[in-house]
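What follows is a single structure, written as C-alpha cells, with notes after it.
Values in this text are rule-based calculations from the coordinates and carry no lab data. Predicted model, so just to flag it, every value in this text is computed and none were measured. Virtual Cβ from ideal backbone geometry, glycine too; neighbours counted across all protein chains shown.
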Amino acid sequence: MTSLTSGDRVRCLAGAKEREGTYITDRDGMAVVKLDSGYNIGIHPGSCAFLSRPEAVIAPDRGIPEGEGLPLLSIVSTGGTIASRIDYRTGAVTSQFDARDILRAIPGLAGIGRFRAKQLSTILSENMTPGIWRELARAVYGEIREGAAGVIVTHGTDTMGYSAAAIAFMVDAGVPVIFTGSQRSADRPSSDNVMNALCSASAALSGPGEVVVVMHDSPSDDRCAIHRGTRVRKMHSSRRDAFRSSAPGPIGYVEYPSLKVSLMGDARPRSDREPALADGLDDRCALLTFVPGLSPDILRAFEDYHGLVLAGSGLGHVSSSWIAPLAAMVEEGTMVVMTTQCLHGRVCDRVYDTGRDLLRVGVIEGEDMLPETALVKMMWVLGNTRDPGEARDLMRANLRGEYTGRSIDGF
Amino acid sequence: MDFKALGLRAGIEIHQQLDTSGKLFCRCPTRVRPTAEHEGEFFRYLRATESELGEIDEAAREEMKQSRRFTYYTYDTTCLVENDEEPPGPLNQEALDISLTIGKLFGMTPIPQVNTMRKLVIDGSNTSGFQRTALVAVDGWLPEGVLEGGGEIETLCLEEEAAQRVEGDCFSLDRLGIPLVEITTSPAMKTPEEVQKVAEYLGMVLRSTGRVKRGLGTIRQDVNISIRDGARVEIKGVQELDLIAEVVRREVQRQQSLLAIRDELRKRAASVDPEIIDVTGIFAGTKSGILKQAELILAVRLRGFGGILGREIQPGRRLGSEISDYAKKCGVGGIFHTDELPAYGITAGEVERLRTAAAAAPDDCVAIVADTGPRTECAVRQIARRAGLALDGVPEETRKMLPDGSTAYMRPLPGAARMYPETDVVPELILDARWEGLPTPELLSARADRYALELGLDPSIARQLAYSERLPLFDQAVAGKVSPGIAARTLLSTLKELARDQVPVERIGDDDIIATLRAVEEGRAAKEAIPGILQRIAGGVPPDKAIAECAPTISRADLLILARRIVGERTAFVRERGKGALGPLMGVLMAEVRGSVDGKLVSSVLREEIDRLLSGEGL
C-alpha cells in the first residue's frame, strides 16, 4: 500500500497538525507510525510522507562474561523463547537464540556455567512433529557425547510435555536434560523466562540424570518444580505454574533465587556411563478420546494405524458397541492401549464387564500413564520393534518412570 | 516573584479514573477495596528487558539498581489478568467511548486507529512490568477564558491504572487495571495560579461526562515545570488541587536555588573527584550505629562544595537531600557529609581524620555512605553523579510531591525508549460514525448557569451544585418534583452540617435522601425535620420509620386551634402591633409545635388568625 519501509522517518498529518515519527508497518489498511513520544498510531497511509531512511544502527558488541572454569552446559533451542530484545525504534520484539545473546539477556547464567547454544528450529510448539523430535533427540545425544554436563532445551510450552516424553524414551541420557520455556513472553519485565532459565541451568548441573521439565511451581517467583518428562502435563493455558506432575508429584525443586536443587528419592541420579540413542519413531499412531455416544465408525479412520491409544472414561472404558470393532483392529495387528481421560489414577479394566471384554480382545492397560505419554511411548516402541510380542512387553514395562508401581494418594 | 520574568513554563498531565463497570482489559469490577479484605498474595521480581541497541530505558535502569521483590495482594474482585497470569482481554469499549467523549469536549481529533502500547514501569506498581496505554485523541484546546492567550490539550491517552502501594514493595491489585484517561496540556501556563485554574477547568470538563470516578485518589495531577536556564521537571501525584500553585511556586524556588548554586560552584571552580576513597578503617571504633554496622564505608571529595550541600533549596530540602535521594536508589538509608558533621554519633576527631584521608581543603565537602559492599559502591557513584549535575544547574527529573508541597527525586525523565506495542490487544478503528454518534455532555459550568436561570437558584449555589458529587442526586430529586431550593440546601448544607456534628452521613444512601425529600414535598414531613430524619437514618433507623418519627404531630386543624388560642390570649398585643405581631407570635407558636410543622404553614395559619382578629371577625 505504501512504499515505506519499517524504520523510515515520516511526516504525517494526524489530528490538526503534522507530526514526525517512524513508520512501522501497514495494518488493517492503516499505516502504523511510532511518534517521537513513543506512542504508535494508525493513520490513513495517504497522510504520511517519506522524510528519510536512517542508516541501520549496529548494536554495540559489549563483552559478555564467560564462566571460565565452569562446567559446559548446552542450550538447544526449538523455538521456545528464553530471551528477547525489543527494538524500541520500531517496537519489534525479536527472540534471541545465540548463546551470547542469551547470556547478555540473562547475565546470571554466566555464574553457573559455560554455554554452547544450538538452534534446531524456530517453530511454534503446536507445529512440532515426531520428525523434529527425532532431530532433537539426535542433537541432545550429540551434545552429551561432546561433553555437555547437562542440556537445556528451550521449547514452546504448548506441546512441551509431549516432546519431553519423546526425548525421554529416545535418549538414555545419564545427565540432566532440562526442558524449559516461558508462559509470559520474554520481552516483559515480569516474564518467567529468567527464573525458569536460571533454575534450569542449575538443574542441568545438579538435577537428576533424566529428561525433565523445569518450570515455575507457583504464581510467585519462589521455586521451580522439576517434573519427570514422562509424567508432566500442561494443565493451565496461561499460568506460570501450568505444568503439573501426575502423582506422586515433582521429582525435585530448584529454589529461587538461591538456585539450590533438591531431589526426591525416586529421581534418577546422574551417571557417567555413555548416553544411548534409539531414535526410531512410528508416527502411524494416534490418540483418541472416547465421548458418550461416539460411534465406533470413527475407528475406521485408524484402520491403517499401527497403534491407537484410547483415553477412555473412568477406569478405562469405551461403549460396549466398540468391543467388536476393537477386536477386529487388534486382530488386524493394531496395538491398542487404554488410558484414562481422568488423567489421574490407574486404568483397571478388570472391574466391570466392558473392561473385561476389552482385555479379552487384546486391549493393553496403560496403568496410570498420561494418555499423551502412552501415545509417545507407543510411537517409540513401534519405531524400535516390529515384533508384536516384544512391543506388547515393552508397552507394559516401566521404561522411563512413565507410570508408577504403586498409586500414591490423590492427584 | 515575577514568574513571567523568570520564564516559567508549566503544563499539566491529569490522570482521571473512569467510572466503568469493568476494568480496561478484564471484566473485574473497578472497585477499590480495604487491603484487610485481600484473599491471597504472591511475589515476583521484575527486570528491564534489553533493547535492540543494548539500551535499557534510563528510568527503568534507575529502578533496577536494587533487586527488588514485590508482593501483591489479590482479592475476590481481581483475576489472573491483574496477576499477569493471563493475556489481557479486549479493550473495554465503555472506557473507549468515555475517553472519546472527553476528547470531543476538548475539541480534539481522534486517532483513526488506536494502538495499545506497553510503557515500561518497573517500580512494581504493574505486575507485568509495563502499563498499557493508548493514544486516543490529539490537538484540543484550552479556551481563552480559562487561560490568557489560550493553550493546547496536546494528547488524550486511555491507560490502565497502576496497583496501589500498600507500603514499601507491597502492592494491592484491586486498583490495577481501572481505566483512566491521561490528558496532557502544552506548557502554556506562566504563573502558579494559571496552573491551578487550568487544573480546575480540566477537572470540571472531565466531571461533566458524569462517567468519571469521584473522591480522593481518583484524580491525580502531574505538573511539568521549567524556568529559563532551568530544566523540565515532572512532579507526580499532586492529589489536592489546592496545593498545585504552591507546588509550582516551590519548584520555581528550587530551580532558582539550583541555578544560584551552579553559579557559585562555577565561581569556586568546583569539581567532583573521580577517586573514591575507602574510609572504613577510619570509623573502626565509631559510636555511630549506622557506621558501626556497615560492611563498607566509601567517601568522595567534592571540591569547592563546602557549605553548599547544607544550603536550603526549597522549604525542608537542601542540596544534600537531593544527593541523598539519588544514593537511596541503591538501597542505602542516606548519606553523611561534612557540612552537617560532627553529628549523628560521628565525632570531630573522626571528621578530621576523614578530611585528612580525602585531602580535603577547607572549602571542600566530603560525602560518605555506609552499607553493604555493593550498595555502598552503587551509592557513592550516585553521590558523585548528582554532585556533578549541580555544576550544570537543574537536572531533568521525575519528582514526587511531599505532603507540604516540596518534592523529592524519583527517577530520570522517561524517554520514548520505554514504549513498545502491546501485541495481545488488537488495534481499534475509530470509525466516523462512532465519533459523530457520541453525545457531547453539557459542561458543568454551563449547567450551573442553567440552574441559576431555570430553577431560580442563587448563582453560587447553582455552581456548587453543578460541581458537587451529588449532582445526579439533585437532578433525580428535582425530576421527582422536589423543590430545587430544599434539595440544594439538603445536599449542600444539611449533610455537611450533620457530618460536622459527627453524624455518620456515609450510612445515608441516595435512596434515603430522595425518600426524605419526597416526604417533605408530600407534606408527610416538615422541611425543618430533614436533619432529624437523616440523623435517624444514619443511626440505623429505616427511612419510613425515621420519617414517621419526625412526622408533624399536629394536624392543620390542631394548628389552627393552637394559633387561635395564642392570638386570643394576646389580643391587646396584636391590636397594638397589627400585622407586625406575626414575628413575635411565630416564635411562640413554633416553640409549641417544637419544629415538627413546616414554618411556612405555621406562618400562614398564624397570619390568617391575626388578620381575622384585626378585621374584627375574631370578636
Dimensionless Rg ratio for the stretch A:124-180, taking C-alpha atoms and the 2.2 N^0.38 Å reference: 1.04
Using a/c under 1.5 as the rounded threshold, could you call the stretch B:358-403 rounded, prolate or oblate? The axes a ≥ b ≥ c are square roots of the C-alpha gyration tensor eigenvalues, and prolate needs a/b larger than b/c, oblate otherwise. oblate
Determine the shape class of the stretch A:233-357: with a ≥ b ≥ c the square roots of the Cα gyration tensor eigenvalues, call it rounded for a/c under 1.5, and otherwise prolate if a/b is greater than b/c, oblate otherwise. prolate
Subtract the Cα-Cα distance of A:Arg116 and A:Asp272 from 0.36 nm times their separation in residues, and report this length gain in nm to one decimal. 54.1 nm
Taking the convex hull of the alpha-carbon atoms of the stretch B:537-599 and averaging its shadow over every direction gives an area in square nanometres of 5.0
Using eta = 1.002 mPa s and T = 20 °C, Stokes-Einstein with Kirkwood Rh from Cα pairs puts D for the stretch B:232-294, in µm² s⁻¹, at 132
For the stretch B:398-465, would you read off the P(r) tail past 19 Å as a percentage of all alpha carbon pairs? 71
State the Kirkwood hydrodynamic radius of the stretch A:82-178 in Å, one decimal place, computed from all pairs of distinct Cα atoms. 14.7
Cysteines in chain B that, by Cβ-Cβ distance, have no pairing candidate under 4.7 Å: B:Cys26, B:Cys28, B:Cys79, B:Cys157, B:Cys170, B:Cys365, B:Cys550
Taking other Cβ within 10 Å of each residue's Cβ, how do A:Tyr162, B:Tyr72 sort, fewest first? A:Tyr162, B:Tyr72
Percentage relative contact order, the stretch A:246-366, counting C-alpha pairs under 8 Å, at least six apart: 20
Computed over the Cα atoms of the stretch B:467-535, the Rg and Dmax in Å are 11.0, 31
What number in nm² do you get for the stretch A:122-220 if you take the convex hull of its Cα atoms and divide its surface by four? 6.3
How much of the DSSP bridge set in chain A is antiparallel, in percent, rounded to the nearest 5? 60
Kirkwood Rh for the stretch A:201-298 from C-alpha pairs, in Å, is 15.8
Going 7 Å from the Cα of B:Glu312 toward and past its Cβ, which residues in the stretch B:241-285 have a backbone nitrogen under 19 Å from where you end up? B:246-262
Which of rounded, prolate or oblate describes the protein assembly as shown when judged by the alpha-carbon gyration tensor and an a/c cut-off of 1.5? oblate
Only Cα pairs under 8 Å and at least 6 apart count here; give the relative contact order of the stretch B:79-202 as a rounded whole percent. 21
Residue separation between B:Arg165 and B:Glu549 times 0.36 nm, minus their alpha-carbon distance, gives in nm 133.6 nm
Quick one: in the stretch B:1-45, what % of C-alpha pairs are over 16 Å apart? 69
Percent antiparallel among DSSP beta bridges confined to the stretch A:278-411, nearest 5, equals 5
Which percent of Cα-Cα pairs in the stretch B:502-561 sits in each 10 Å bin, short to long? 25, 52, 18, 6, 0
Relative exposure of B:Glu264, B:Glu148, A:Glu68, B:Glu234, judged by other C-beta atoms within 10 Å (fewest first): A:Glu68, B:Glu148, B:Glu264, B:Glu234
Which FRET efficiency, nearest 0.05, do B:Arg607 and B:Glu442 yield, Cβ-Cβ r, R0 51 Å? 0.75
Please give the FRET efficiency for A:Glu20 paired with B:Leu413, using the beta carbon to beta carbon distance and R0 = 22 Å, rounded to the nearest 0.05. 0.65
Ellipticity estimate at 222 nm from DSSP helix runs (n ≥ 4, -39,500 (n - 2.57)) divided over chain B, nearest 500: -11000 deg cm²/dmol
Treat every Asp and Glu Cβ in the stretch A:230-358 as -1 and every Lys and Arg Cβ as +1, leave all other atoms uncharged, and give the resulting dipole magnitude about the Cα centre to the nearest 20 debye. 860
Residue-averaged beta-carbon neighbours from other chains (10 angstrom radius) around B:265-276: 0
At 7 Å along Cα-to-Cβ for each site, give me the label-to-label distance between B:Thr356 and A:Arg396 in nm. 9.1
Which three extents, in angstrom, do the Cα atoms of chain A have along their principal axes, listed largest first? 80, 54, 36
Calculate, for B:Arg524 and B:Phe573, the FRET efficiency according to 1/(1 + (r/R0)^6) with r their C-beta to C-beta distance and R0 30 Å; round to the nearest 0.05. 0.30
Label-point gap, in nm, between B:Ser615 and B:Ala5 - each point 7 angstrom along Cα→Cβ: 7.5
Report relative contact order for chain B in percent, whole number only (criteria: Cα-Cα under 8 Å, sequence separation at least 6). 13
Any idea what Rg and Dmax come out to for the stretch B:278-352 if you just take the C-alpha atoms, in Å? 12.8, 36
Can you tell me the mean projection area, over all orientations, of the convex hull of the stretch B:359-516's alpha carbons? Units nm², please. 21.6
Within the P(r) computed for the stretch B:491-619, what percentage of the Cα pairs occupies the region above 24 Å? 40
The residues B:Asp544, A:Asp217, sorted from fewest to most surrounding Cβ atoms within 10 Å, come out as B:Asp544, A:Asp217
May I ask for log10 I(q)/I(0) of chain B at q = 0.08 Å⁻¹, from a Debye sum over the Cα atoms as equal point scatterers with solvent left out? -0.75
Tell me the label-point distance for the pair B:Asp404, A:Gln341, using the 7 Å Cα-to-Cβ offset, in nm and rounded to one decimal. 7.2
Which percent, nearest 5, of DSSP beta bridges in the protein assembly as shown are antiparallel? 75
